[in-house]
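Scroll down for the structure; my scribbles are underneath it.
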Amino acid sequence: MNSFKLLFLKKHVSWVFIFVLPLATLSCSGEPEHETRAPATEISVAHAEYVGSEKCKACHWREHDSWKHTLHSKMVQRADDTTVIADFERNNALIVTVTGEAPKLAGTEAATRMHKKGDKYYVTTTGPDWESHDYEITNVIGINMRQNYVTKFPNGALHVLPVEWDATTGKWLDFYGLETNYPGDGNYWSDSARIWQFKCGSCHVTGMKTGYDPDKDAFSTTWVDMGIGCEACHGPGSNHIKAAKEIFDKEKETIVNPAKLPWRLRAMVCGQCHNWGWSTAEISPTRDGFPKRYAYPYGYLPGKSLNLYYVKNPTDDRKHHQQYNEWQASSHSGAGIMCTSCHGVHEEGAHKSPNKSQTRMTGNLLCTKCHKTIRQRAAHRIHTFGSCVACHMPQTVGHERSHNFQFISPEKSLLAGGVDKQPNSCSGCHYHKETPLKNLVEFLDAAKKADMPKPYFVHGSQNEEKDEEEDEGR
């Protein structure tokens, strides 16, 4: 057989196989048989494990890059020359007067000193035994307005040291140290009730496992990311990676996208940390001195109802990160305006310059995008040069701004006994900082009356007011 015939035969035999193969699926009766398939692999967001943000980067590199520019990614960092922002060389001492309630040293001066040895940072301060010790800083918390410092005890317990650096003023502040507490009072920085793994941990790192062994009274704590990583908001990602790389199906069903959640559940993703309260779960295993509950929603995962894991704690001494609690009571919450309506997560960084609060727009532009006014009236008329945030989001708790979005009248400060007991929207302005509260109340009343129809009467008629004045004169 010549080569031409052989080529022709091979070509046509291949076509025969193409058409014959489908016939193999027919039964003897000529009816097609049902195809038998392996059962679909069951996979979901349930029972997933944390894998770390670096694993997310493989596919979502744009989102990962923009996240790296946010403050979330820098919530906790290792202590080194690029992360420590405080002065450990010149302005490196804090001297306080010991609280009068202390059984020792009450009323005396106590010093805490910060210093550096080689490439390591230390804080020399009073420990649980009332003696002074050098404590090595393992991690720093925060890099924007204030910074705190973590040390590791021999049993693995992590504690936040009793000094805090205020980057705004360039000063050291007492942080649960001898100025307000003392060893053994239950709230001193080194007491068991202030162990970082119970008080703060899960809101500062991602995928934390406490790893407490009651027999050894020791911690072997682990986490997958320092700071607020991808999985803090999207949930554990092991099943998502498996679905994308092995099953080639159900990628969307195996991860939480907060943008696709109902609006209240979406806000709860932020509320898991921007909240004050206690977990519904009790700490277990436990021992004497441990707090009863975690200070974060233990067991919560994005997409679930935060109410089942967290209860409000109005007696929290610092009311730290209170934004979610205040937002719940605000008109924004009632209207369905969520955290992500104003704040971005991935937009900043590679595409935009990140700002301090990670807002989608800066200054009044963010507010006036929705709150458009035609006439400037009352207090707005005399504050055309002012800021929406300054009046409607005044600083009320430490360095954090109110998220009730309501103007706080100086009258409330007057009734409370001073600005230190109740901050208000007026006294925070440099122009009004030293103005007596009574004067501020009168200014506001005058501004409101200036826009009212004249004559104006709050109660009754003009004649009735004259009668009252005559009665007082008698």
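The values are calculated or read from the model by the stated rules, or taken from the named source; none is laboratory data. Treat the numbers as computed from the prediction; the structure is a model and nothing was measured. As a convention, Cβ positions derive from the backbone with ideal geometry for all residues, glycine included, and neighbour counts pool all protein chains shown.
Among the residues of region 168-191, are any assigned to a loop (DSSP other than H, G, I, E, B), buried (at least 21 other Cβ atoms within 10 Å of the Cβ), within 21 Å of the chain's Cα centre (by Cα) and β-branched (Val, Ile, Thr)? No, there is no match, as no residue in region 168-191 is assigned to a loop (DSSP other than H, G, I, E, B), buried (at least 21 other Cβ atoms within 10 Å of the Cβ), within 21 Å of the chain's Cα centre (by Cα) and β-branched (Val, Ile, Thr). Any residue in region 194-209 that is touching a residue at least 12 places away in the same chain (Cβ under 8 Å), part of a helix (DSSP H, G or I) and aliphatic (A, V, I, L, M)? No, region 194-209 has no match at all. Scanning region 155-167 for residues that are part of a strand (DSSP E or B) and aliphatic (A, V, I, L, M) yields LEU158, VAL160, LEU161, VAL163. Taking ILE228, is it within 22 Å of the chain's Cα centre (by Cα), under 28 Å from ARG90 (Cβ atoms) and not in a strand (DSSP E or B)? No, not satisfied.
What residue, among those in region 384-397 that are in a loop (DSSP other than H, G, I, E, B) and surrounded by fewer than 16 Cβ atoms within 10 Å (Cβ to Cβ), is modelled with the highest pLDDT?
By that ranking, first place goes to SER387.
Scanning region 123-154 for residues that are of a type in the set (A, V, I, L, M) and assigned to a strand (DSSP E or B) yields a total of 4. Which residues, taken from region 250-292, are assigned to a loop (DSSP other than H, G, I, E, B), without any contact (Cβ under 8 Å) to a residue 40 or more places away in the chain and touching an Asp or Glu at 6+ places or on another chain (Cβ under 9 Å)? LYS292 - this is the single residue of region 250-292 that is assigned to a loop (DSSP other than H, G, I, E, B), without any contact (Cβ under 8 Å) to a residue 40 or more places away in the chain and touching an Asp or Glu at 6+ places or on another chain (Cβ under 9 Å). Look at THR368 and say whether it is surrounded by fewer than 14 Cβ atoms within 10 Å (Cβ to Cβ), modelled with pLDDT under 75 and not hydrophobic (A, V, I, L, M, F, W, C). So THR368 does not fit the description; no. Tell me, please, whether a residue that is among the small types (Gly, Ala, Ser), outside the structural domain of TYR121 (by TED's automatic domain parsing), touching a strand residue (DSSP E or B) at 6+ places or on another chain (Cβ under 7 Å) and at pLDDT 90 or above can be found in region 91-106. No - not one qualifying residue is present in region 91-106.
Give region 423-449 a look and list any residue that's part of a helix (DSSP H, G or I) and among the acidic types (Asp, Glu), or say none. Listed by number, the residues that qualify are GLU442, ASP445.
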